[in-house]
1. Pick from A:67, A:138, A:44: which residue has the top mean-square fluctuation in a GNM of chain A where Cα pairs under 10 Å get a spring?
2. Shielding by partners for B:133-146, please: the mean number of other protein chain Cβ atoms within 10 Å of each residue's Cβ.
3. Could you give, in nm with one decimal, how far residue A:67 is from each other copy of that position, shortest first, with labels 7 Å out from Cα toward Cβ?
4. Classify chain B from the C-alpha gyration tensor, please: rounded if a/c falls under 1.5, else prolate or oblate depending on whether a/b exceeds b/c.
5. Using a Gaussian network for chain B with springs between C-alpha atoms less than 10 Å apart, which of these wobbles most: B:31, B:53, B:69?
6. Once you place label points 7 Å from the Cα toward the Cβ at residue B:80 and residue B:62, how far apart are they in nm?
7. Looking at A:119, A:8, A:42, which one has the Cα that reaches farthest to the positive end of the dipole of chain A (charges on Cβ: Lys, Arg +1; Asp, Glu -1)?
8. For peptide A:72-78, what's the mean number of Cβ atoms from other chains within 10 Å of each residue's Cβ?
There are 2 protein chains.
Amino acid sequence: MEQKTKINAENNKQEMRITREFELPVELLFKAYAEAELIEQWMGTKVLKLESKKHGSYQFETTDPKGNKHGFSGVIHEFIPNKKIIRTFEMENTPFGVQLEIHEFEKLTDDTSRINMHVIYESIEKRDQIMQLPFAQGLNMAHNRIQELLSKLKASQK
Amino acid sequence: MEQKTKINAENNKQEMRITREFELPVELLFKAYAEAELIEQWMGTKVLKLESKKHGSYQFETTDPKGNKHGFSGVIHEFIPNKKIIRTFEMENTPFGVQLEIHEFEKLTDDTSRINMHVIYESIEKRDQIMQLPFAQGLNMAHNRIQELLSKLKASQK
């Protein structure tokens, strides 16, 4: 089955572009990236710190099935509600380096929206290593959880 | 005359690498990037904010000969004294976008050191636009000022 999250990673580039359309108003889609409680649910991660503002930072932690903890963290360069988040992202204690992520939130209709992600890596090699992970499927599943979770939230608010 | 600051920008890449050797102990070179008072002198900029720490941020401002103010700002992803600074950098209100900068500070001898900068841009086009500015000369001159300024500071401490 075709995945709803589209990834475009050209050969020999140290970047990729990711898009996903949601049956959600852009304000709700944005919330999924800005509010700790929602991030914990769709990312399946513990939010140790999240300062959702320009010049803020964040620290997440997941526990794998073996009980090992994995940290994810970064700084927030730009934060424009319902429009844009520019941040760094690092999987701590891995060789993947630091990436720069530009997330644009786009209103399509009153009830639909799109996220456009532009992710820039330290090198072509590091990007290609990340592509070797079950990356596309994982991201698509995470985005499916955003759709589910926020649809419920939307319904409960009616 | 050959410039001491070396810039390596391969064609069709969205990154560049910059190196410069200094007749300075690495601890003094690092200070030039970590202390507001020194940055103001060698960059010729006003430091409005500088939190020199992991997950900190900064805001600089210069005034050009016509009296126009230009802002530079970003967030600090990593900060390891005398070793490494990873940060974002943006020239505000310009089309150059946000760049990711990895600064490595390397001890060569007790009295000499090198900075290795890896700068990653949003696109090849944006990098190439920045290369059109009097960028190499400007950076070389700024680095010359670090050498002068810190040499004096070193002499005054003896």
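Each value in this text was obtained by applying a stated rule to the coordinates, not by laboratory testing. Being a predicted model, the structure only gives us computed values, none of them experimental. Because the Cβ atoms are built from the backbone with ideal geometry, glycine has one as well, and the counts that use them run over all protein chains shown.
1. It is A:67.
2. 0
3. Those separations, rounded to one decimal, come out as 6.9 nm.
4. The shape class here is rounded.
5. Checking each option, the largest mean-square fluctuation is seen for B:69.
6. Once both label points are built, they end up 3.0 nm from each other.
7. Farthest towards the positive pole: A:42.
8. 6
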